[in-house]
1. Within 10 Å of each candidate Cβ there may be at most 13 other Cβ atoms; applying that plus a DSSP loop requirement, which chymotrypsin sites (Phe, Trp or Tyr not before Pro) in region 37-90 survive?
2. Quick check for you: which residues of region 101-119 have the amide N under 15 Å from the point 7 Å beyond the Cα of ALA74 toward its beta carbon?
3. Taking the Cα centre of region 37-83 as origin, sum charge times position over the Cβ atoms of Lys and Arg (+1) and Asp and Glu (-1), and report the length of that vector in debye to the nearest 20.
4. Which net charge results when you count Lys and Arg as +1 and Asp and Glu as -1 among the other residues whose beta-carbon is under 14 Å from that of ASN32?
5. Just to make sure I understand: if all protein chains stay in place, what is the order of SER65, SER13 by accessible area at 1.4 Å, largest first?
6. How much of the accessible area of region 1-93, probe 1.4 Å, is carbon plus sulfur, in whole percent?
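The values are calculated or read from the model by the stated rules, or taken from the named source; none is laboratory data. Not measured: the values here are computed from a predicted model. Neighbour counts run over all protein chains shown; Cβ positions are idealised from the backbone, glycine included. The protein model used for the area step is the full one, side chains on, heavy atoms only, and it has no ligands, DNA or RNA in it. Shrake-Rupley method; radii C 1.70, N 1.55, O 1.52, S 1.80 Å.
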Amino acid sequence: MFYTEFDSILPASKKGITFYPSHHAQQIDAVNAWVYDTVNNGVYKCGFATTQQAYENNVFPLFKSLDRLEEMLAKSSGKYLLGDELTEADIRLYVTIVRFDPVYVQHFKCNIGTIRHKYPPFPHSPLNSGILGHLDPWSVALCAAHGAPGAGVRLLMVVIPS
């Protein structure tokens, strides 16, 4: 619905843009399934774990998935997970990766490593690849504002089509 329902209010140049191209649909669904379980929701499973065992059952798969994503990006024929096209899989991953170091490492104890320290030395890391580094033709504005002690971090992300 979101890919077509609002086309009537968009400029002609933006109509029909999709991040779920039919030729990648099965791959997107497959990636989204494990990324959601182990990364997007995995950080919350770690943060709200009530036992050490529950924490360990989720933090190790989280970092295994980050390593798997690193490998996918290294093998990709383009700068995104599935090649040269920005897809829903990239966007779903982006929203967790961009908050990982400032929020999930500190507050949810997903601290086996940080994105900026564990992955940047590699050319295909989520931060150095298309996911954060080259969202063209998108303009990305990020603003992290630390509140009062104990108030946590507020992170605002605005993605504006060019």
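1. PHE48
2. Zone members listed by number: 118-119.
3. 120
4. Result for the local shell: -2.
5. Ranking SER65, SER13 by accessible area, largest first, yields SER13, SER65.
6. 56
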